[in-house]
Amino acid sequence: MLSKVAERIYWAARYLERVESTARMLAIYDTLLFDLPRQLNFGWYNLIEINSLEESFNERYTVQDERNVVKFLIGDESNPSSVISSLKAIRENIRTTRDVIPGDTWELVNELSQYVQENMNQGINRRNRHEFLDQIIRACQQIIGLWQVSMPRDKAWEMLKLGQNLERADMTTRNLDAAVAAIIQVEDDEYAVNSHQTIWGNLLRSLNADQPYRRAMRSSVKGELVSRFLQTDTQFPRSLSFCLEDMATAAKALPRSEKVISDIHRLNQTVTKGAEDTGPGPELRDVLNDLQISLQYLHFTISRTWFLNDQEAESLAVAQ
Amino acid sequence: MSIDWKQYELQEGFYDELISSPGNPRVPARQLANYLSSLNEDEIQSIKQASESTIRDMGVSFTVYSEGENIDRAWPFDIIPRVISSQQWEKTSAGLRQRLQALNMFIDDLYHDQKIIKDGIIPEFILKQSKNYRPECEGVNPRFGVWAHICGTDLVRDGDGQFYVLEDNLRVPSGVSYMLENRSIMKRVLPEVFEKVNIAPVGDYPEALFNMLASLSPRPGDSPVVAVLTPGIFNSAYFEHAFLAQRMGAELVEGSDLVVGKDDCVYMKTIGGLERVDVIYRRIDDMFLDPEVFHPDSVLGVPGLMRAWRKGKVALANAPGAGVADDKVVYAYVPQIIKYYLGEEPLIPNVETYLCYEDKQREYVLANLDKLVVKPANESGGYGMLVGPHSTKKEREQFADLIKANPRNYIAQPTLALSTAPTLVGRSKVEPRHLDLRPFILQGESSYVTTGGLTRVAMKKGSLVVNSSQGGGSKDTWIVDTSAGKA
């Protein structure tokens, strides 16, 4: 398989995952609004910080309010991670890989782009936001389902799994971070205890992790357990450990994967250790931040291994 | 209202492909015409709509690049096929093979001994001034002595009903994927007619193309790695590049996917490292192939590709330099070329052609600009042409100046009475529209001609310009065997 094709598939999968996870993250905050006491000064701007987008947000907006945050994360083309930009990136990547990715993907992505563009206002205004986000999540799942049932388990599939899981792991750290940030904000409040429950519960629900959590942990919703579950559970598809294991499996089916596999294993050990040592307080935010950096390094290793850039290809060619 | 062939307005002096006189379809088209006239307006509309939705579903498109954006346009398609009898096609097809065989001997001669010039058949300055002659190719010996492996030859039928060659496209001819897609569309929307009529299939082209390309491999015996080299998504024929690569099971690559090693072999960058490529079906022009040899700033090509090709480490189809025979002045000499190399008379005649560098012929051209079609020698795609009868006085004066300034660069031909075929206009009306035919000819160890080819039709009333970049459409082309009816 051509390196370039591999790279495009990998990115298409990453961006699709980013669309879905962004919608889910907005959904967490959106439902929190209903459940948290009204006097809480709740910060939508957290979502910008969590995604490390402060700089580009502040270039564009002066007011850090709900409306601008939602607009920036969904419909702003100047934000390269927004839903609309991600959809555009998916289109560009699959346009040239239509022979490897099921043809219907193209139409589904076009439909979703159109839907997001036409219904942007529903997302910005609170009234229909839930339905709007829900539609985005469903459309993503439809595409993932299409891939699941129609793609041969060949190298293209493994590339797709790598991209999907890397982005998913990264977004899980960010979703978890979003919850911790919210917790910290309500810390000194008289309603704090109840609010904690609400925040952790919402995090689980927005990741469809509610029931899996209860079955795996056999416990009511507790911050410490939720944090550990989302990091180290071996059966829940959005947990960090699960994503990493899935990546290792994909990598094993690809050539020259030794370095990638050993990096994945090392990172998984870090995750386990961090989850054991760190509770769901402010220090977890640093741990999650480090994990995001490690995932970025993992991406570099993947890129160097399989997406031969000119320099690497040149050195191989000289050796021929 | 249904189609009434008696009402079909044949044009005086033009040959119609389907209808010989009002109400009388030609023999190979009889069943088709009867079937079409049995449909009512709604049925015709539903066939038309089915064809349009099929085109959308299959994603058949050509790309128009304008104002910095790519627009994928749906392929304009007419549901009434063009029909040719198999007896006539056999003769035409033999003529096409003959022509390509001679052209390849000519190209090979030009890059070696140039006997045809020494023997005085072709004046030397034609070669000296040719834009497409590549001194870099001299002395190279491609396999089987073949340089132009894939040729798209444009045929037209004049008022007398005879096929003439209008031009030979030997550089990177496109359109074959549309020929194949047109047939798939027709099978879906007119299945009933396929039951009754013996229509020769066209689907073996990708297989024939692959076999021809594989036969060029510098490592015969192994299963060769074949790649289609495309300029990328911005090229108007990208759809076709992807289509052919997919159908052949070949890799679709861009220049940046390839690299030439110290060993002069060409490699593609894969997730497993570098993998050697044996045959490249290149769909980029000579001048962009290799920045080390041609345009130094080309990012479409591969540095070192010419070196690899000259050393015989990779096969390129078409070979660099093959375009030397794709020149409208050389075209005028093809009958002599066929006689010189094969000792045969051409089976398909040329359109009468006036060479502007010859004084007498130029005088005639300048005096008759309003009746002639003037073409630059080295352009394709219908650009830079003067269609005399449709031109303004100002345009004619402009061309007169151009011709005088650079006579070698222009040829002129009489305005042809391009044949017509019934084409659906509006809901259920059929009117004659002008068309041509582009068959594709392959030559490697042996040769192959497509069954029929791509019929391009000028959708505008009276227009003679069929290029898709200029608003043309297409039709399916049926080669029909009338000797034995289907049971």
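What follows draws every value from the coordinates through simple rules; no lab data is involved. The shown structure was predicted, so the numbers you read here are calculated from the model rather than taken from an experiment. As a convention, Cβ positions derive from the backbone with ideal geometry for all residues, glycine included, and neighbour counts pool all protein chains shown.
Let's see if you can work this out: charge +1 on each Lys and Arg Cβ, -1 on each Asp and Glu Cβ, no other charges. What is the dipole magnitude of chain B about its Cα centre, in debye to the nearest 20? Don't jump to the answer; show the numbers that get you there.
Values: 53 positive and 64 negative charges, 60 e Å.
Charge dipole, chain B, about its Cα centre: 300 debye, nearest 20.
Order these by the 10 Å Cβ neighbour count, fewest first: B:D222, A:D263, B:D158. List each step's numbers first, then the result.
On the way: B:D222 11, A:D263 21, B:D158 18.
Listed from fewest to most nearby Cβ atoms, that is B:D222, B:D158, A:D263.
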Write out the GluC sites (Glu not before Pro) in the stretch B:88-154 meeting two conditions: DSSP loop, and at most 15 other Cβ atoms within 10 Å of their Cβ.
B:E138
For helix B:41-58, report the angle its Cα long axis makes with the longest principal axis of the Cα atoms of chain B; keep it between 0 and 90° and round to the nearest 10°.
20 degrees
Relative to the Cα centre, what is the charge dipole magnitude of the stretch B:336-416, using +1 at the beta carbon of each Lys and Arg, -1 at the beta carbon of each Asp and Glu, and rounding to the nearest 20 debye?
200 debye
Have a look at B:L454, B:V172, B:T230 and report the one farthest towards the positive end of the charge dipole of the protein assembly as shown, computed about the Cα centre with Cβ charges (Lys/Arg +1, Asp/Glu -1).
B:L454
Cα point-scatterer Debye curve for the protein assembly as shown, base-10 log of I(q)/I(0) at q = 0.11 Å⁻¹:
-1.19
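Just from its helices, what would the mean residue ellipticity at 222 nm be for chain A, if runs of 4 or more DSSP H residues each count -39500 (n - 2.57) and the sum is divided by every residue, rounded to the nearest 500 deg cm²/dmol? Working shown, then result.
Details: 15 runs with 243 residues, N = 320.
Mean residue ellipticity at 222 nm (helix-derived): -25000 deg cm²/dmol.
Considering every residue in A:99-109, what mean count of other chain Cβ atoms within 10 Å of its Cβ is obtained? Before the final figure, lay out each step's value.
Values: counts 6, 1, 0, 0, 3, 1, 0, 1, 3, 0, 0.
Other-chain Cβ atoms within 10 Å of each residue's Cβ, averaged: 1.
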Name the most mobile residue of A:E107, A:E59, A:E158, meaning the one with the largest mean-square fluctuation, in a Gaussian network model of chain A with Cα contacts below 10 Å.
A:E59
Two-site label geometry, B:E195 and B:Q129: point separation in nm, points 7 Å out along Cα→Cβ:
6.1 nm
So for the pair A:Q148, B:E358, with labels modelled 7 Å out along Cα→Cβ, what separation do we get in nm?
7.4 nm
Roughly how tilted is helix B:393-405, in degrees to the nearest 10 and between 0 and 90, from the longest Cα axis of chain B?
30 degrees
What does the net charge come to around A:I293 if you take all other residues with beta carbon closer than 12 Å to its beta carbon, with K and R at +1 and D and E at -1?
-3
In whole Hz, with x marking every Gly and Pro, tabulate ³J(HN,Hα) for the stretch B:83-96 from phi via Karplus 6.51 cos²θ - 1.76 cosθ + 1.60, θ = phi - 60°.
10, 10, 6, 5, 4, 5, 5, 4, 5, 4, 5, 4, x, 5
What is the local net charge at B:D436, summed over the other residues whose Cβ is closer than 9 Å to its Cβ (Lys, Arg +1; Asp, Glu -1)?
+2
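Which FRET efficiency value, to the nearest 0.05, is calculated for B:K115 and B:R408 with the Förster distance at 25 angstrom and r the Cβ-Cβ distance?
On the way: r = 23 Å, r/R0 = 0.91.
It comes to 0.65.
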List the lysines whose alpha-carbon lies under 22 Å from that of A:K88, not counting same-chain residues fewer than 8 positions away?
A:K4, A:K71, A:K161
Scoring chain B by relative contact order with C-alpha pairs under 8 Å, at least six apart, yields a percentage of 24 percent
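Hey, got the dipole for the protein assembly as shown? About the Cα centre, +1 on K and R Cβ, -1 on D and E Cβ, debye to the nearest 20?
Numbers: 89 positive and 109 negative charges, 255 e Å.
Taking the Cα centre of the protein assembly as shown as origin, the dipole is about 1220 debye.
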DSSP beta bridges in the protein assembly as shown: the antiparallel percent, rounded to 5, is 75 percent
Give the lysines whose C-alpha is closer than 24 Å to that of A:K273, dropping any in the same chain fewer than 8 places away, or say none.
A:K222, A:K259
Name the residue from B:V189, B:T270, B:Q31 whose Cα lies farthest towards the positive end of the charge dipole of chain B, charges +1 on Cβ of Lys and Arg and -1 on Cβ of Asp and Glu.
B:Q31
Taking N as the number of residues in the stretch B:354-414, what is its Cα Rg relative to 2.2 N^0.38 Å?
0.97
Label-point separation, B:D264 to B:L39 (7 Å along Cα→Cβ), nm:
5.8 nm
Amide proton proximity set for B:V83, modelled H, under 5 Å, gap of 5+
B:W478
For the stretch B:304-435, the convex hull over Cα atoms projects on average to an area in nm² of 13.3 nm²
If neighbour count is taken as other Cβ atoms inside 10 Å, put A:D233, B:D119, B:D326 in order from fewest to most.
B:D119, A:D233, B:D326
Quick one: grab Rg to one decimal and Dmax as a whole number for the stretch B:179-271, Cα atoms only, in Å.
17.4, 60
Toward the positive end of the charge dipole of the stretch A:239-302, about the Cα centre and with charges on Cβ (Lys, Arg +1; Asp, Glu -1), which of A:Q296, A:C243, A:I261 goes farthest?
A:I261
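Grab the beta carbon distance between A:D286 and A:R266, set R0 = 22 Å, and tell me the FRET efficiency rounded to 0.05. Mind dumping the intermediate values first?
On the way: r = 19 Å, r/R0 = 0.86.
The computed FRET efficiency comes out at 0.70.
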Hey, what angle do you get for helix B:205-215 against the long axis of chain B, alpha-carbon based, 0 to 90 degrees rounded to 10?
20 degrees
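Can you give the mean number of other chain Cβ atoms that lie within 10 Å of the Cβ atoms in peptide B:256-263?
Numbers: counts 5, 6, 3, 8, 2, 7, 4, 3.
Mean partner shielding for this stretch: 5.
Round to the nearest 0.05 the FRET efficiency obtained for B:S483 and B:E344 when R0 = 35 Å and r is the Cβ-Cβ distance. Display every interim value, and only then the final one.
On the way: r = 27 Å, r/R0 = 0.78.
Calculated transfer efficiency: 0.80.
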Karplus ³J(HN,Hα) for the stretch B:300-305 (6.51 cos²θ - 1.76 cosθ + 1.60, θ = phi - 60°; Hz, whole; x = Gly/Pro) runs 7, x, 10, x, x, 4
Once phi is turned into ³J(HN,Hα) by the Karplus curve 6.51 cos²θ - 1.76 cosθ + 1.60 with θ = phi - 60°, what whole-Hz value does each residue of the stretch B:426-435 show in order, with x for glycine and proline?
x, 6, 8, 8, 10, 9, x, 10, 6, 8
Can you give the helix-only mean residue ellipticity at 222 nm for chain B, where every DSSP H stretch with n ≥ 4 adds -39500 (n - 2.57) and the sum goes over all residues, rounded to the nearest 500 deg cm²/dmol?
-9000 deg cm²/dmol
Taking trypsin sites (Lys or Arg not before Pro) in a DSSP loop with at most 11 other Cβ atoms within 10 angstrom as exposed, one finds the longest site-free stretch of chain A at A:219-320
Kirkwood Rh, Cα Rg: Rg to Rh for chain B?
0.97
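Where Lys and Arg each count +1 and Asp and Glu each count -1, what net charge lies around B:Q7 among other residues with Cβ under 13 Å from its Cβ? Before the final figure, lay out each step's value.
On the way: positive: B:K6, B:K429; negative: B:D4, B:E9, B:E431.
That sum, taken over residues with Cβ under 13 Å, equals -1.
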Would you grab the residues whose amide H sits under 5 Å from the one on B:T423? Only those 5+ places off in sequence or on another chain, please, with H modelled 1.01 Å from N.
B:E431, B:R433
Isotropically averaged projected area of the stretch A:3-311, using the convex hull of Cα atoms (one quarter of hull area), nm²:
15.9 nm²
Using only Cα positions of the stretch A:136-228, each an equal point scatterer, no hydration layer, compute I(q)/I(0) via Debye at q = 0.10, 0.17 Å⁻¹ and quote the log10 values to two decimals.
-0.38, -0.86
